[in-house]
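Report on the following structure.
The values are calculated or read from the model by the stated rules, or taken from the named source; none is laboratory data. Source: prediction; values computed, not measured. All Cβ positions, glycine included, derive from the backbone under ideal geometry; neighbour counts span all protein chains shown. Only protein heavy atoms, including side chains, enter the accessible area calculation; ligands, DNA and RNA are left aside. Shrake-Rupley method; radii C 1.70, N 1.55, O 1.52, S 1.80 Å.
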Amino acid sequence: MDRLIIFDTTLRDGEQSPGASMTREEKLRIAKQLERLRVDVIEAGFAASSNGDFEAVRSIANTIKHSTVCSLARANDRDIGRAAEALAGSDNKRIHTFIATSPLHMEKKLRMTPEQVFEQARLAVRFARQFTDNLEFSPEDGYRSEPDFLCRVLEAVIKEGATTINIPDTVGYAVPELYGEFIRTLRERIPNADKAVWSVHCHNDLGMAVANSLAGVKIGGARQVECTINGLGERAGNTSLEEVVMAVKTRRDYFGLEVGVDTQQIMPASKLVSGITGFVVQPNKAVVGANAFAHASGIHQDGVLKARETYEIMRAEDVGWHANKIVLGKLSGRNAFKQRVQALGIPVESEAEMNAAFAKFKDLADRKAEIFDEDIQALFSDESVTPHDEHFKLVSLSQRSETGERPHAKVVFSVGAKEIAAESDGNGPVDASLKAIESEVASGAELLLYSVNAITTGTESQGEVTVRLARAGRIANGVGADPDIVAASAKAYLSALNKLYSDVERLNPQTSLAP
Ligand code: KIV
Ligand code: ZN
């Protein structure tokens, strides 16, 4: 069977999403999970964009053995040299170089003539060739490029040694049939097209990134899809990895393609990425949303109980979902907890992290009788478990709200070694609690997003809160989980403050780069 290459760009294009920037350690954790997921290529970052991203690409290249590790580079010697240097420790590396080819981008952004772009693309691939034979070239805004010019550029870069040709729909403008035909036409018109693997890279501005990518595969003959976990990415995001993989697997009859991904690792990957970035997955998201396999209507439930294929086209367990079962309780010991964590495929880096998670578990079990798999997963999204700089920490919270009265909250939190007590009124108990914290911290941060999500079903569920703050050009997401959503909100707010004030570099390639 023909094989479809899965190229994951969560750590590069996904990370460009405002607020999704990660530390080097977080990137490495995700890269290890992507390797467990058995993606073919991991785009680890953009080495030339910052020293931090260079180091992240380098540590991923030195660690990952079973997936190809790739760095993005603009089409110039400096960027390509930095990418090659960062990837030097890998036996299985790829350099991905790009330059814009659409009339709009060439004229307004690059201020270059088409001939200059043609020459730069060619020379860049020639230069990169000395570092590796595994070379990808992307004409940025390729879908809006003039086909005759694009054919000339692509023919030339293949002659220079590009082995993968990726056609980005950079602004998410494509529609499936036209995008598929665009790729087919390029492949038909370019004489040496068969010397390269063709790849699709779609953005989701019109909600069609997955459909466009699949049309690029089916109609255009592409054999690589560029995608991200949970569809993470700037604006409306990138093509979602889990949707592409499950579409190709579930409709093998139609696509006739093999993918190497271990689908049972999809949920752990989804949880890890949403926990680290604070980008919560919408409940009705295909494959990884909390409702993706939940049958609420009586007719559906009845059908599924009689024969699951009546309403289910995929099995939840095949993508790493575990039944909502009570796995542990107050009396469970450390070993039982550790075994469950391992069974859930949650990557744990150190004993210290396991110990911190176990302490949180005990604390939760004191307050919540039934602990579900999702609660355990949330413990690891709760950032006080993962090793990072925890400067602000919730100690206690009490709040009073009564019909007709203005809510009031008292919050005690630590700032380093010091404990601070703060209180405030607010429109509601959450508002009062966050205002109380802010009255002491005085961060002046702008609240860009506040959202609450129930981790499991029922009113006993923990609430998982995401808070996104912006301050002095920096954006940070914080996540907090607790059966009490006011406490979860305070934890999320403090977690976002920790990131805003942290010295640990958060990498967000491209923000400071000129073309
Ligand atoms: O969307 C895009 O054009 C890109 C390229 C750099 C591949 O991400
Ligand atoms: Zn992109």
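On the stretch given as segment 164-203, residues that are surrounded by 18 or more Cβ atoms within 10 Å (Cβ to Cβ) and part of a strand (DSSP E or B) total 12. Residues in segment 394-422 that are under 20 Å from Y450 (Cβ atoms) and surrounded by 14 or more Cβ atoms within 10 Å (Cβ to Cβ): 10 in all. Considering only segment 68-79, I want to know if a residue exists there that is crowded, with 19+ Cβ neighbours inside 10 Å, hydroxyl-bearing (S, T, Y) and at pLDDT 95 or above. Within segment 68-79, one or more residues are crowded, with 19+ Cβ neighbours inside 10 Å, hydroxyl-bearing (S, T, Y) and at pLDDT 95 or above. Going by the conditions given, is M267 crowded, with 20+ Cβ neighbours inside 10 Å, closer than 25 Å to V217 by Cβ and either free of Cβ contacts under 8 Å to residues at least 24 places away in the same chain or touching a His at 6+ places or on another chain (Cβ under 9 Å) (or both)? Spelling it out, M267 is indeed crowded, with 20+ Cβ neighbours inside 10 Å, closer than 25 Å to V217 by Cβ and either free of Cβ contacts under 8 Å to residues at least 24 places away in the same chain or touching a His at 6+ places or on another chain (Cβ under 9 Å) (or both). Of all residues in segment 1-41, those satisfying the criterion of being more than 12 Å from the chain's Cα centre (by Cα), under 17 Å from T63 (Cβ atoms) and among the aliphatic types (A, V, I, L, M) are L28, L37, V39, V41.
Picking from G207, G260, G237, which residue would you name as being at positive phi, open to solvent by 10 Å² or more (accessible area, probe 1.4 Å) and modelled with pLDDT of 95 or more? Walk me through how you get there before you give the answer.
On the way: G260 fails: at positive phi; G237 fails: open to solvent by 10 Å² or more (accessible area, probe 1.4 Å).
From the options G207, G260, G237, the qualifying one is G207.
Here G426 passes the criteria (1) within 30 Å of the chain's Cα centre (by Cα); (2) open to solvent by less than 20 Å² (accessible area, probe 1.4 Å) except the one numbered (1). When E119 is tested against (1) part of a helix (DSSP H, G or I); (2) within 23 Å of F149 (Cβ to Cβ); (3) touching a residue at least 40 places away in the same chain (Cβ under 8 Å), only condition (3) is not met. On inspection, F380 fails the criterion of being open to solvent by less than 70 Å² (accessible area, probe 1.4 Å) and modelled with pLDDT of 85 or more. For segment 80-106, the tally of residues that are of a type in the set (S, T, N, Q) and open to solvent by 30 Å² or more (accessible area, probe 1.4 Å) stands at 1. Scanning segment 210-234 for residues that are away from ligand 1 (no atom under 13 Å from the Cβ) and on the phi > 0 side of the Ramachandran plot, we see that the one that is surrounded by the fewest Cβ atoms within 10 Å (Cβ to Cβ) is G221. Which condition does R334 not pass, out of (1) at pLDDT 85 or above; (2) open to solvent by less than 70 Å² (accessible area, probe 1.4 Å), if it passes all the others? It fails just one condition, (2).
Checking each residue of segment 358-369 against the condition of being out of contact with any Pro (no Cβ under 7 Å at 6 or more places or on another chain), exposed (fewer than 12 other Cβ atoms within 10 Å of the Cβ) and modelled with pLDDT under 80 gives at least one match. If the condition is being part of a helix (DSSP H, G or I), crowded, with 24+ Cβ neighbours inside 10 Å and within 16 Å of ligand 1 (Cβ to nearest atom), then segment 1-47 contributes G14, E15, A47.
Taking the conditions exactly as written (open to solvent by 10 Å² or more (accessible area, probe 1.4 Å) and either away from ligand 2 (no atom under 16 Å from the Cβ) or among the β-branched types (V, I, T) (or both)), does K109 satisfy them or not? It is false that K109 is open to solvent by 10 Å² or more (accessible area, probe 1.4 Å) and either away from ligand 2 (no atom under 16 Å from the Cβ) or among the β-branched types (V, I, T) (or both). Candidates P168, P191, P176: the one that is within 13 Å of ligand 2 (Cβ to nearest atom) and at pLDDT 95 or above is P168. Quick check on my filter: what residues within segment 127-152 are away from ligand 2 (no atom under 16 Å from the Cβ), open to solvent by 10 Å² or more (accessible area, probe 1.4 Å) and not charged (D, E, K, R)? F127, Q130, F131, T132, N134, P147, F149, C151, listed by residue number. The residue list G404, G458 contains one member that is part of a loop (DSSP other than H, G, I, E, B) and modelled with pLDDT of 90 or more, which is G404.
Scan segment 52-65 and tell me whether some residue there is more than 20 Å from F7 (Cα to Cα) and within 16 Å of ligand 2 (Cβ to nearest atom). Checked against the condition, which is being more than 20 Å from F7 (Cα to Cα) and within 16 Å of ligand 2 (Cβ to nearest atom), segment 52-65 yields no hits at all.
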